[in-house]
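Here is the structure we will look at, set down as structure tokens.
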Amino acid sequence: MTPRPPAPLALRAGSRPRSVAALLLAVLLAALLPGPSRADGTAAYGSEGIGDPYFPLDGNGGIDVQHYDVHDSYLLPERWLSGWTRLTVRATDTLAGFQLDFLLPVQQVLVDGTPVDWSRPDAHELRITAAVDAGSTHEVLVRYAGRPDAVGWDGERNWLADSHEVVTMNQPHMAAWWFPADDHPQDKATMDVHVTAARGLDVIANGRRVSRSVHGRLATTHWRSVEPMAPYLAFFAAGHFEVRHGSDHGLPWLVAVSEQIPSATRRRSMRLMLRTPAIVHWLQGELGRYPFSSTGGLTTSLSPGFALENQTRPTYPVLGSAGVTTEVHELAHQWFGDSVAVQDWRDIWLNEGAATFMEARYAETHGRESAQAWLEGLYDDNPDGSAFWDLDVADPGPDHLFDWQVYQRGGMTLQALRHRIGDDAFWRLLRAWVHDRRGGNGSTEDFVALAGQVSGEDLTGFFQAWLRDPARPARTRANGLR
Ligand SMILES: [Zn+2]
């Protein structure tokens, strides 16, 4: 994500205050919920959360979603979404039932073709009664209808639409507004997305377009993502878009710009979107092979207040003069955040710090200041005692995921590491990280361990000073500052 500096939280659609008491209560409730089996040996329900300490209801226990087949209809003037999703679900425990994350009203649930009982323990959870054995795979079909713009959860109202256009983009929560999901980056899945809308509208989503069929006044567009994806990175947009596509070094690309944007601005937006293949090509030279089989971008006329790294096809607000930097950021996320996702949300600096560092790397390889000069400038701009150094960026808390320090101090950490261990070890580290964990997840501990392994140095003190201590790191050689 790229918020607009310098007040990213104020501009985030999903930001809200959260009391420590409410968080502790949620953690406590999650801990008290039944595990996969009871003491008497009978099967229980899978847990309500996958175990993320920041968002105890995100994801679910006992299941692994392998594929989503989403069939949504969206009527823009009425803002009405209806449809069904068929999930291919593998049980990882023997269960009496399991849960999905979803916010819209549900009409029916079928498991392997048979209607089953279901309930809503709270607004975010869909509890499905279906006995499943560990290791078995099931087709779970959920039918639903409702107004996603009328739905909020935990202070978030993430539906972004007017009567001309809709784009589903947010982080860390978006899926539950338009399809039932195991909504956590630890459970990635492939996806087919079929969206039915008025026939005059374009529908864009992740991956590659498979087909479009017109039926009466409506049309259904089918998009396919063949590489596993975290649910929040799935998106669709519907509206009037200028669409361009092609292939660059064998990589298919497709970009789209809303026709709701005034024409002069729209032309600039399209010029920026058309730079996508070249930026991806540059990133491949830095980081190794692009992790997905298509790329692109979409500029919306709506005003999300941020850009987002939707897998294969980031979505952007109308970009100004710093537009290329934002594109570098979102496209760098294809490696850091999308292909290698966070293990838990507290690891967010691995996404945002790396994407911010790649902005600085782009600048230094395109005739602007070196990344070390960028680091030292920020270091000098934020003196000892500045609030900039207060945040533990390796554990910022759920209300501070997208704070400016997570980006800047995170990015500075990587450049300082580069200066300390040298270019050779540093780039071997980044390339090993995205290569070895391609399509998976990684935590701060994993990254710190790999950095130590690749460099052969004890970096414990370095990472403590740069990520965690509530103070400006000392200006030392060990901290990458001399
Ligand atoms: Zn970002």
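A few points about this structure:
- Flag if Ser263 is surrounded by fewer than 22 Cβ atoms within 10 Å (Cβ to Cβ) and small (Gly, Ala, Ser): yes
- Residue match in segment 59-67 (condition: among the hydrophobic types (A, V, I, L, M, F, W, C), in a strand (DSSP E or B) and farther than 22 Å from Gly439 by Cβ): no
- Taking segment 335-373 as the range and being in a loop (DSSP other than H, G, I, E, B) and within 11 Å of the ligand (Cβ to nearest atom) as the test, the residues that pass are Gly337, Asp338.
Per-residue answers, yes or no, for (1) at pLDDT 95 or above; (2) in a loop (DSSP other than H, G, I, E, B); (3) buried (at least 19 other Cβ atoms within 10 Å of the Cβ):
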{"position": "Gln171", "(1), (2), (3)": "yes, yes, yes"}
{"position": "Met191", "(1), (2), (3)": "yes, no, yes"}
{"position": "His194", "(1), (2), (3)": "yes, no, yes"}
{"position": "Arg209", "(1), (2), (3)": "yes, no, no"}
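- The single condition among (1) away from the ligand (no atom under 14 Å from the Cβ); (2) closer than 25 Å to Trp433 by Cβ that Asp381 does not meet is (2).
- None of Thr325, Thr312 is among the β-branched types (Val, Ile, Thr) and either surrounded by 24 or more Cβ atoms within 10 Å (Cβ to Cβ) or assigned by TED's automatic domain parsing to the domain that holds Ser225 (or both) except Thr312.
- Residues located in segment 282-305, provided they are surrounded by fewer than 22 Cβ atoms within 10 Å (Cβ to Cβ), closer than 20 Å to Leu251 by Cα and more than 16 Å from the chain's Cα centre (by Cα): Trp282, Leu283, Gln284, Gly285, Glu286, Gly288, Arg289, Tyr290, Ser293
- Gly83 in contact with a His (Cβ under 6 Å, 6 or more places away or on another chain) and either modelled with pLDDT of 95 or more or within 16 Å of the ligand (Cβ to nearest atom) (or both): yes
- Matching residues, segment 271-329, being assigned to a loop (DSSP other than H, G, I, E, B), touching a residue at least 12 places away in the same chain (Cβ under 8 Å) and hydroxyl-bearing (Ser, Thr, Tyr): Tyr290, Ser293, Ser294, Thr300, Ser301, Ser303, Thr312
- Across segment 306-332, the qualifying residues are those that are farther than 18 Å from Leu274 by Cβ and in contact with a strand residue (DSSP E or B) (Cβ under 7 Å, 6 or more places away or on another chain), and the one among them that is farthest from the ligand (Cβ to nearest atom) is Gln311.
The values are calculated or read from the model by the stated rules, or taken from the named source; none is laboratory data. None of these values were measured; they are calculated from a predicted model. All Cβ positions, glycine included, derive from the backbone under ideal geometry; neighbour counts span all protein chains shown.
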